[in-house]
1. If each residue of separation counts as 0.36 nm, what is the full-extension length gain between Tyr164 and Gln37 once their alpha-carbon separation is subtracted?
2. Given a Förster radius of 25 Å and the C-beta distance between His116 and Tyr47 as r, what FRET efficiency does 1/(1 + (r/R0)^6) yield to the nearest 0.05?
3. How much accessible area does Lys165 have with a 1.4 Å probe, in Å² rounded to the nearest 10?
4. Over the stretch 31-164, what is the relative contact order in whole percent, taking alpha-carbon pairs under 8 Å and six or more residues apart?
5. Could you provide, to the nearest whole Å², the per residue accessible area of the stretch 146-187 with probe 1.4 Å?
6. Using θ = phi - 60° and the Karplus curve 6.51 cos²θ - 1.76 cosθ + 1.60, what whole-Hz ³J(HN,Hα) does each residue of the stretch 60-73 get, with Gly and Pro shown as x?
7. Divide the volume of the convex hull of the Cα atoms of the stretch 62-212 by its number of residues and quote the answer in cubic angstrom per residue.
8. What nm distance separates the two modelled labels at Arg173 and Thr241, each placed 7 Å from Cα along Cα→Cβ?
Amino acid sequence: MLFLFRFIMVVSLLTVCFPKAAEAMPDFNIEIVPWEQVEEIIPNRTYFTIIDVETGLSFKVQRRAGNKHADVQPVTKKDTKIMKSIYGGKWSWDRRAILVLVHDQLIAASMNGMPHGAGALQNDFPGHFCVHFYGSTTHKTPTPDLGHKIMILKAGGVLDEFLYKSDPYELIRVMEIAVNQHDERLLSKVMSNNDISAKEILHKVRHIEVTQKSILPVEDLPVLVGMELQVSVKWIQTDQTQQTKSISLIVRKEAVEDQWKLDGQSFLSMME
């Protein structure tokens, strides 16, 4: 019952749909905490709870290793089953926005869902998986993974602010992540005509890689409300067909103070 009580607080903070419930409960803030501090909060062998932001499902894990991020394992077979259900019954490298509940503290984080490496617990999970916090990195890269960063910002409730401040080139990188992780909600946030464009793009494209060819100095962007970028695109269609093509990506704002967005319909037509 205690966990259910806390979980209702989490949902209310995320969706702002339960103001009366929130008033009746103690303040329970979601924090974006730098990895250097998180390491001290969850040292190796610490048990904590992961709450998936999208589904609301939760399961318990133990940190077993990791120095650039946390390598964790589900505690029990039941926890493994819940985690796999969050990923639709199939393990995946896709990043997901999560909340880490530890010592009455809620910390924004990101996880992937692919067992790898070694595992030590009797939990039907063949290895461990990675949990990233703000500023943490993968084993192979010196800078934070953008996909994990976006999910951390999403969990922390500041993703829209990040996207609003993003320039067109950052926006294209977010589009790649959204397509490659099959994240319709994220893709709709960076696309105009998003009511149909995001769904249609994910229906046609399984993986995409964009190589930019024309780059305008970032300091010149504030005076613009629209621009056309010539890029080379490699993508894999849902039928496994691979394509490479030079296209024009149109990015624009409805007004100077608005967020940059990719034109969804022109992007779709270029991919035909």
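1. Details: separation 127, 0.36 × 127 = 45.72 nm, distance 2.76 nm.
Additional length available on full extension: 43.0 nm.
2. Values: r = 21 Å, r/R0 = 0.84.
Efficiency, from the Cβ-Cβ distance: 0.75.
3. Surface accessible to solvent at Lys165 totals approximately 150 Å².
4. Values: 293 pairs, mean separation 34.7, N = 134.
Averaging sequence separation for qualifying contacts and normalising by length gives 26 percent for the stretch 31-164.
5. 37
6. Working through the residues one at a time gives 9, 9, 10, 6, 10, 6, x, 10, 9, 7, 9, 8, 10, 9 Hz.
7. That works out to 135 Å³ per residue.
8. My value for the distance between the label points is 3.2 nm.
The values are calculated or read from the model by the stated rules, or taken from the named source; none is laboratory data. Keep in mind it's a predicted model, so treat the numbers as computed, not measured. Here the Cβ is made from the backbone with ideal geometry for all residues, glycine too, and neighbour counts use every protein chain on show. Heavy atoms of the whole protein, side chains included, go into the accessibility calculation; ligands, DNA and RNA do not. Shrake-Rupley method; radii C 1.70, N 1.55, O 1.52, S 1.80 Å.
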